[in-house]
Amino acid sequence: MSDYEYLFSDSSQFQGKRLHLGITGSIAAYRACDLLRLLKKLGIAVSVTVSRGARQFVTPLLFEALGATPVYADADSHDGAPFAHLEPGEIADALLIAPASANTLARLAHGEASDLLSTQALAFPGPVLIAPAMNPKMWQHPAVQDNVRLLRERGCEILVPGVGSCACGDTGQGRLCELPELFWAVLKALAPQDSTGQRVLVTLGPTREFWDGVRFWSNPSSGRMGADLALAFWLRGAEVDVICGPAVAFALPAQIHRQNVTSAHEMLVAARPLWSAMQMGIFTAAVADFAPDTQLVPQKRKKTLYPEHFELPFHKNADILMELAKDKGPTKKILAFAAETAADMDELLLLAQEKRARKGADLLAANRVNDKGSGFVSKTNTMAVVDRYGRCEQWPTLTKADVAWRLCSWLLQIPTC
């Protein structure tokens with residue numbers, strides 16, 4: 001399965017946003033179709049300009065059939081749109097050119113208005129994202145790199161090409177960046193940047209406490225809730241560090257700093273040196289409360305050594321949230337999670353209130369892991385949320401992406417002490 005399909009591809013937070021997509025002459029032009037499908041699924045309206053070079057690979061009709069509207073080709077062949085060079089800047093929230101050829105980079109860098117797309121870019125007042133794709137030798141040429149530098153200096157975001165085998169048979173840097181990077185870059189350009197200047201630490205996934213060389217004590221957490229929260233804060237402008245327990249398969253943007261750990265002790269050790277620089281801590285990890293109190297042996301414990309029964313004592317693990325909260329200070333905020341088995345939402349709310357007070361969290365989100373469609377592995381959650389000011393809410397079943405977005409908004413609104 002593709003990881004990008006499972007992080008924010010089911011969000012409802014971008015409905016009504018608009019993107020203008022420019023496509024230029026490259027074999028990678030066909031990949032714009034997959035991006036268009038993803039964006040349409042989120043309720044994002046997409047208009048498209050297909051350059052003359054791109055029409056050697058794809059047709060305007062293809063994008064019309066996929067739901068893009070309007071779709072522009074040459075300015076002189078688009079009936080009824082005398083101001084097609086201005087319209088994207090008036091209706092779209094962001095402009096993405098993907099793929100962008102070397103010729104397109106030169107036009108944009110030097111302010112040419114020699115075709116419809118370059119004219120639209122000149123007249124576009126919002127965020128401009130450019131995803132180059134070309135032969136590796138072309139990408140490395142000083143003229144191309146100078147154009148990239150000029151565009152960056154003017155505020156354009158350059159989505160750097162990937163490394164690999166290209167259509168021409170050469171291998172190197174020049175491939176259009178991967179679809180998840182395009183997808184998340186668009187969402188970031190469309191998202192409010194209200195987390196800018198914030199550093200956020202997120203713990204996510206399970207921990208594993210090994211009691212022999214192959215077996216461990218753990219839980220079925222997938223880490224999806226924490227991954228969605230990390231992505232939500234990053235999309236809204238924060239600098240994000242994540243500490244992932246094992247078996248967290250979700251890909252994250254390269255700009256999110258990720259450390260992988262196994263045990264609760266390793267997670268705490270990884271979090272401590274980061275904590276002093278953070279403004280917010282998001283503790284979603286399903287950390288094992290107990291660890292086997294036995295000396296770890298690298299071999300498998302053979303059952304023949306224990307013919308009747310096997311006893312395994314446990315000791316209590318350190319509480320990562322409470323350990324870090326000792327150094328919270330007046331400028332940090334903490335969002336804690338609680339996985340509970342509650343009879344109903346009212347009981348869940350009571351458990352959330354008690355745990356928030358005991359943990360000292362600014363905001364606590366509790367979910368019913370015994371409720372179908374909520375908790376471990378699920379794509380959705382049903383939540384009871386409380387903060388230190390006494391505000392409490394019960395949320396119906398929502399996608400984890402939408403839960404993450406709401407929690408991000410709530411935590412941002414809580415003032416520091």
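The values are calculated or read from the model by the stated rules, or taken from the named source; none is laboratory data. What you are looking at is a predicted structure, and each value in this text was computed from that prediction instead of being measured. Every residue, glycine as well, gets a Cβ built from its backbone with ideal geometry; the counts of neighbours run over all protein chains shown.
Restricting to the stretch 209-233, and then to whatever is in a helix (DSSP H, G or I) and not charged (D, E, K, R), can you tell me which residue is farthest from THR196 (Cα to Cα)?
Looking at the filtered set, the residue picked out is MET225.
How many residues does the stretch 237-250 contain that are at pLDDT below 95 and surrounded by 18 or more Cβ atoms within 10 Å (Cβ to Cβ)?
Qualifying residue count, the stretch 237-250: 2.
Is there any pair linking a residue in the stretch 242-259 that is closer than 16 Å to GLU181 by Cα and assigned to a loop (DSSP other than H, G, I, E, B) to one that is at pLDDT 95 or above and small (Gly, Ala, Ser), with Cβ under 7 Å and at least six apart or on different chains, and which?
PHE250/ALA227; LEU252/ALA227; LEU252/ALA230; ILE256/ALA230
Based on what the data block shows, is ALA143 touching a Pro at 6+ places or on another chain (Cβ under 6 Å), more than 30 Å from ASP10 (Cβ to Cβ) and touching a residue at least 24 places away in the same chain (Cβ under 8 Å)? Step through it out loud before you land on a result.
Details: touching a Pro at 6+ places or on another chain (Cβ under 6 Å): no; more than 30 Å from ASP10 (Cβ to Cβ): yes; touching a residue at least 24 places away in the same chain (Cβ under 8 Å): yes.
Spelling it out, it is not the case that ALA143 is touching a Pro at 6+ places or on another chain (Cβ under 6 Å), more than 30 Å from ASP10 (Cβ to Cβ) and touching a residue at least 24 places away in the same chain (Cβ under 8 Å).
In this structure, does ASP194 turn out to be touching a residue at least 24 places away in the same chain (Cβ under 8 Å), more than 22 Å from ASN381 (Cα to Cα) and surrounded by 16 or more Cβ atoms within 10 Å (Cβ to Cβ)?
Criteria not met by ASP194.
For the stretch 110-127: of the residues being in contact with a helix residue (DSSP H, G or I) (Cβ under 7 Å, 6 or more places away or on another chain), among the aliphatic types (A, V, I, L, M) and surrounded by fewer than 21 Cβ atoms within 10 Å (Cβ to Cβ), which is nearest to LEU182 (Cα to Cα)?
For the stretch 110-127, the residue satisfying everything is ALA123.
Is it fair to say THR262 is within 23 Å of GLY375 (Cα to Cα), among the β-branched types (Val, Ile, Thr), in contact (Cβ under 8 Å) with a residue 40 or more places away in the chain and touching a helix residue (DSSP H, G or I) at 6+ places or on another chain (Cβ under 6 Å)? Break it down into steps so the answer makes sense when it comes.
Values: within 23 Å of GLY375 (Cα to Cα): yes; among the β-branched types (Val, Ile, Thr): yes; in contact (Cβ under 8 Å) with a residue 40 or more places away in the chain: yes; touching a helix residue (DSSP H, G or I) at 6+ places or on another chain (Cβ under 6 Å): no.
Against the criterion (within 23 Å of GLY375 (Cα to Cα), among the β-branched types (Val, Ile, Thr), in contact (Cβ under 8 Å) with a residue 40 or more places away in the chain and touching a helix residue (DSSP H, G or I) at 6+ places or on another chain (Cβ under 6 Å)), THR262 does not qualify.
Which count do you get for residues in the stretch 129-161 that are under 23 Å from LEU36 (Cβ atoms) and crowded, with 16+ Cβ neighbours inside 10 Å?
11
Take the residues in the stretch 296-333 that are among the aromatic types (Phe, Trp, Tyr) and part of a loop (DSSP other than H, G, I, E, B); name whichever of them is farthest from CYS392 (Cα to Cα).
Checking each candidate, the answer is TYR306.
Filter the stretch 198-208 down to residues that are in contact with a helix residue (DSSP H, G or I) (Cβ under 8 Å, 6 or more places away or on another chain) and part of a loop (DSSP other than H, G, I, E, B) and give me whichever is farthest from PHE314 (Cα to Cα).
Checking each candidate, the answer is GLN198.
Could you list, in sequence order, all residues of the stretch 380-417 that are in contact (Cβ under 8 Å) with a residue 12 or more places away in the chain, assigned to a loop (DSSP other than H, G, I, E, B) and of a type outside the set (A, V, I, L, M)?
ARG388, TYR389, THR416, CYS417
So which residues in the stretch 14-46 are crowded, with 22+ Cβ neighbours inside 10 Å, at pLDDT 95 or above and polar (S, T, N, Q)?
Result: THR24, single match.
List, please: which pairs have Cβ atoms under 8 Å, are six or more places apart or on different chains, and start with a residue in the stretch 335-352 that is hydroxyl-bearing (Ser, Thr, Tyr) and end with one that is crowded, with 19+ Cβ neighbours inside 10 Å?
So the pair list comes out as THR341/ARG368; THR341/VAL369.
Please verify whether ALA336 is assigned to a loop (DSSP other than H, G, I, E, B), at pLDDT 90 or above and assigned by TED's automatic domain parsing to the domain that holds PHE283, treating the condition exactly as stated.
no
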